[in-house]
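The values are calculated or read from the model by the stated rules, or taken from the named source; none is laboratory data. Not measured: the values here are computed from a predicted model. As a convention, Cβ positions derive from the backbone with ideal geometry for all residues, glycine included, and neighbour counts pool all protein chains shown.
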Amino acid sequence: MRVINVVPSISEEATGPAYSVVRLCESLILEGLELTLATLDLSPMVSPPSFLQTFPVKWGPRRLGNSPAMHRWLSSQASAGKCDILHNHSLWMMPNVYPGQVSRRHGLPLVVSPRGTMSAWAMRGGSSIKKLFWPLLQRPALAATTCFHATAESEYEDIRRLGYRQPVAIIPNGIDILDLPAKQCSASRTLLFLGRVHSKKGLDMLLPAWSALQSRFPDWRLQIVGPDNGGHLAQMQRLSSELHLQRIEFSGALFGEKKHLAYRQADLFVLPTYSENFGMSVAEALAAGTPAIVTKGAPWEGLKKNGAGWWIDIGVDSLIACLEDALSHSPDQLNEMGQRGRNWMDADYSWKQIGQQMAESYQWVVYGGHKPDCIIEE
């Protein structure tokens, strides 16, 4: 089967969709698919994947990623019969519109992975451009969708809430289980947030919660790791100063081995998010053997069932109550929870398993036959 995946951008230091889409493609290639990943050349890579095809951005706002060259290439591949199925990842940029247009024109099956862009939180926010983009470009392009891909049950519900009745394949992201060094013993214990410093991530709840608890847990420190997004970092630094927070560090972005080491050396990971379709940082923390506190803005209800952390209501009060419990746990108790989380990731989120499920979904979309268990039609 010949497949073209489309994503607006990837980078050398891949996180979020830039990581999960590339690893999905690699897993599909191992399943025997002939695959190309089309993307914009926004972040030139020193060692790009061999299956990558990049295209320049031309006229118009750069944030829209308009690339006539990508559109022409997709059309030429479809008209020449060099593609059996298209798979679009994310929404709100022109590369997320082209697959729908090409699919409709050439009668190709189309899979769409919203990657969190259909959540109620995401649909409420955005610029005036976004409000025009949806009815004029994005919604018409989505009409061509043959099957959606959701990374969690909550994203399936988002798709249905917006009125789309096409089949949905519920397949989570995978995670790499790396060999990691032993945790270091330290007199100071670390509560880690790692991710984009963005308004949806809930740092405006985490900092007041830390303010309420910092004097009661003097052996703990709060480390916030991640790049600024839209000036939110400066806002959170001001809030930290206004709250007179102690033992807090804004560390900037970490990548590669340094990022995985930060997960590993932390005692506890926290993601107090308002909205996530999956939350790769949670999977990364668990894979590193670190238990997690996650709000119900992310689909991690399995934390409690697997004894690997806490899944709590969104809000400062619930976060304070949870942190008071979690920070009281001994290092041995948290290590045991972290190991259970690592075992869970290894059992249920291997990329080989994810690749097999997606390949089976493609097979059903293109050729029919037996419907995979991961696909919901109602």
Next on the checklist: Restricting to the range 23-66, name every residue that is over 19 Å from the mean Cα position of the chain (by Cα), modelled with pLDDT of 95 or more and more than 21 Å from Pro99 (Cα to Cα).
Outcome noted: Leu30, Glu31, Gly32
Item to check | All positions within the range 309-328 that are surrounded by 15 or more Cβ atoms within 10 Å (Cβ to Cβ) and free of Cβ contacts under 8 Å to residues at least 24 places away in the same chain | outcome: Trp310, Trp311, Ile312, Ser318, Ala321
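Is there a residue being of a type in the set (S, T, N, Q), surrounded by fewer than 16 Cβ atoms within 10 Å (Cβ to Cβ), free of Cβ contacts under 8 Å to residues at least 60 places away in the same chain and farther than 19 Å from Ser9 by Cβ anywhere in the range 59-76?
yes
In this structure, is Ala298 among the hydrophobic types (A, V, I, L, M, F, W, C) and under 20 Å from Thr151 (Cβ atoms)?
yes
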Item to check | Extreme residue, nearest to Arg63 (Cα to Cα), among residues of the range 218-232 that are assigned to a strand (DSSP E or B) and under 18 Å from the mean Cα position of the chain (by Cα) | outcome: Asp228
Item to check | Near pairs, Cβ below 6 angstrom, 6+ apart or cross-chain, from the range 137-155 (at negative phi and at pLDDT 95 or above) to any residue that is basic (Lys, Arg) and part of a helix (DSSP H, G or I) | outcome: Ala144/Arg104
Next on the checklist: With the condition being acidic (Asp, Glu), I'd like the helices (runs of 4 or more DSSP H) fully within the range 116-216 carrying at least 3 qualifying residues.
Outcome noted: 153-161
Item to check | The listed residue being over 24 Å from Gln353 (Cβ atoms), among the aromatic types (Phe, Trp, Tyr) and free of Cβ contacts under 8 Å to residues at least 12 places away in the same chain, out of Trp92, Trp134 | outcome: Trp134
Checklist entry - Do any residues in the range 232-253 that are in the same structural domain as Leu207 (by TED's automatic domain parsing) have Cβ atoms under 9 Å from those of residues that are surrounded by fewer than 17 Cβ atoms within 10 Å (Cβ to Cβ) and among the hydroxyl-bearing types (Ser, Thr, Tyr), where the two are at least six apart or on different chains, and which pairs are they? => result Gln246/Ser215; Arg247/Ser188
Checklist outcome for this item: Checked the range 90-134 for anything surrounded by fewer than 24 Cβ atoms within 10 Å (Cβ to Cβ), of a type in the set (Ser, Thr, Tyr) and within 16 Å of the chain's Cα centre (by Cα); matches are Ser90, Thr117, Ser119
Item to check | Qualifying residue in the range 86-102 (condition: farther than 24 Å from Leu42 by Cβ and out of contact with any Gly (no Cβ under 7 Å at 6 or more places or on another chain)) | outcome: no
